[in-house]
Amino acid sequence: MSEDEQAGRGSRKRLAAVVVAVVVGALVVLGAVVLPPLLDDDPDERQGPGDATGTVDTSDLSAVQEYDVPPYTHVTDDVDVTYAQSPPMGGDHWNAWLECGVYGGAVPDEYAVHDLEHGSVWITYRPDEVDEAGIDELAGQLPQNGIMSPYPTQDAPVVITAWGRQLDLLGPDDPRVRLFVRAYGAGETSPEPFASCAGGLTAPPDGG
């Protein structure tokens, strides 16, 4: 074989090696871009409201909002109280409170906040986003010292609240419902942790 032929064969080998290297490099880059989204199927990270990354970790209570409730007082039921949150986490409230249980209609904030003062847990939901099956599922997770009612104007489908603590939930099947009840259901954050919602009103003025 002549020197020219040997040189030509060497050039072709080098060219083939370059082409292979380019193709392999492109496949590596493509894999790095395409595969992670396909493999990222963590059941504990779901789309949720109010999260900058678009995902919510449902495995713990890291998303619980904490609020230092300022000094408060009991007021008569002809006084409308303005709250910093919706649903409220605490503050001034009416003298009466609600009996523990599930309410089919919206209840006045001022009654519910009195329940929170007694260490109760308040579960609220958007009736346009939670169906009857979801309502039953939530009711089944309501602690004995708790109240539940629709709250059409809240942002999240379901919200769970204790005095000074609140968590937006993805829905009735969010595992953090039970985590929240376990952490705050005894009322430790409330001014009257050993009180109860028992003995309150059973029929709010709005018929809830």
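The values are calculated or read from the model by the stated rules, or taken from the named source; none is laboratory data. Note that the structure is a prediction, hence the values are computed from the model and not measured. Backbone-built Cβ (ideal geometry, glycine too); neighbour counts: all protein chains shown. Please note that ligands, DNA and RNA were not included when accessible areas were found on the heavy atoms of the full protein model with its side chains. Shrake-Rupley method; radii C 1.70, N 1.55, O 1.52, S 1.80 Å.
The set of residues in the range 157-174 that are surrounded by fewer than 23 Cβ atoms within 10 Å (Cβ to Cβ) and within 28 Å of Pro71 (Cα to Cα) comprises Val159, Gly164, Arg165, Leu167, Asp168. Each residue in the range 144-156 was checked for being of a type outside the set (A, V, I, L, M), surrounded by 21 or more Cβ atoms within 10 Å (Cβ to Cβ) and either assigned to a loop (DSSP other than H, G, I, E, B) or at pLDDT below 95 (or both), and 1 pass. Among residues of the range 175-187 being in a loop (DSSP other than H, G, I, E, B) and open to solvent by 50 Å² or more (accessible area, probe 1.4 Å), the one that is farthest from Trp122 (Cα to Cα) is Pro175.
Taking the range 92-126 as the range and being part of a loop (DSSP other than H, G, I, E, B), small (Gly, Ala, Ser) and crowded, with 23+ Cβ neighbours inside 10 Å as the test, the residues that pass are Gly119, Ser120.
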